[in-house]
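The values are calculated or read from the model by the stated rules, or taken from the named source; none is laboratory data. Fair warning: this is a prediction, and the values are worked out from it, not measured in the lab. Heads up, the Cβs are rebuilt from the backbone with ideal geometry, glycines too, and the neighbour counts pull from every protein chain shown. Note: areas computed on protein heavy atoms with side chains; ligands, DNA, RNA excluded. Shrake-Rupley method; radii C 1.70, N 1.55, O 1.52, S 1.80 Å.
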Amino acid sequence: MEGDQDDPEFQKPPAEVKYEYLDHTADVQLHSWGDDIKEAFEQVAMAMFGYMTEIEYVEMLDKQSIEAQGEDIESLLFHFLDEWLFLFSAEPFFIARKIKITEFDEENFRIKAVGYGEEFDLDKHPQGTEVKAITYSNMQVHNTEEKHEIFVIIDI
């Protein structure tokens, strides 16, 4: 059949183009900083929660603890945020108003942290944007004497 010039479609011009490419934003980049890397980690977790709701509506009525471990600082950051996202996405549907890192082992890449907040309630907390996942895309952790800042992209 290949090259069958008797097929009338060969004689017709290609169809008019009726499609286009549209920009689609399914991600947002969080940027945090602090007086030390520990504070930058706490702040990036708060940035994520702040994207999910207006954080000023969250009361500190309960607390939840997480532990995270990684092979390097980027994977530690990924797992740290993923633990908080899991607590929000599954029972107890916890949203933090404040995050405090209680242990930060920079050599073995381990973190223990406590979040102070409450169960997410649509009647009380304005719904922001759903965070689907943490990504490694363009993840940056800057930890120098001059600056302690984090850039992380979340899938929304």
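A few remarks follow.
- Using 0.36 nm per residue and subtracting the Cα-Cα separation, the extra length available between Trp33 and Glu146 on full extension is 39.6 nm.
- Measure of compaction for the stretch 26-155 (Cα Rg per 2.2 N^0.38 Å): 0.99
- Surrounding net charge for Pro92, when Lys and Arg each add one and Asp and Glu each subtract one, Cβ distance under 10 Å: -4
- Counting heavy atoms of the protein chains alone, Leu87 has an accessible area of about 20 Å² for a 1.4 Å probe.
- Residue-normalised accessible area of the stretch 26-155, expressed per residue, 1.4 Å probe, Å²: 54
- Over the chain: helical MRE at 222 nm, DSSP H runs n ≥ 4 each giving -39500 (n - 2.57), nearest 500: -7000 deg cm²/dmol
- In this structure, the amide hydrogen of Val131, modeled 1.01 Å from its nitrogen in the peptide plane, lies closer than 5 angstrom to no residue at least 5 positions away or on a different chain.
- With contacts taken as Cα pairs under 8 Å at a separation of at least 6 residues, the stretch 26-155 carries a relative contact order of 35 percent.
- The stretch 72-126, Cα convex hull volume normalised per residue, Å³: 78
- Surface listing: Thr102, Thr53, Thr135, Thr144 arranged by accessible area from highest to lowest gives Thr102, Thr144, Thr135, Thr53, probe 1.4 Å.
- A Gaussian network model of the chain, with springs between Cα atoms under 10 Å, assigns the largest mean-square fluctuation among Pro13, Pro92, Pro126 to Pro13.
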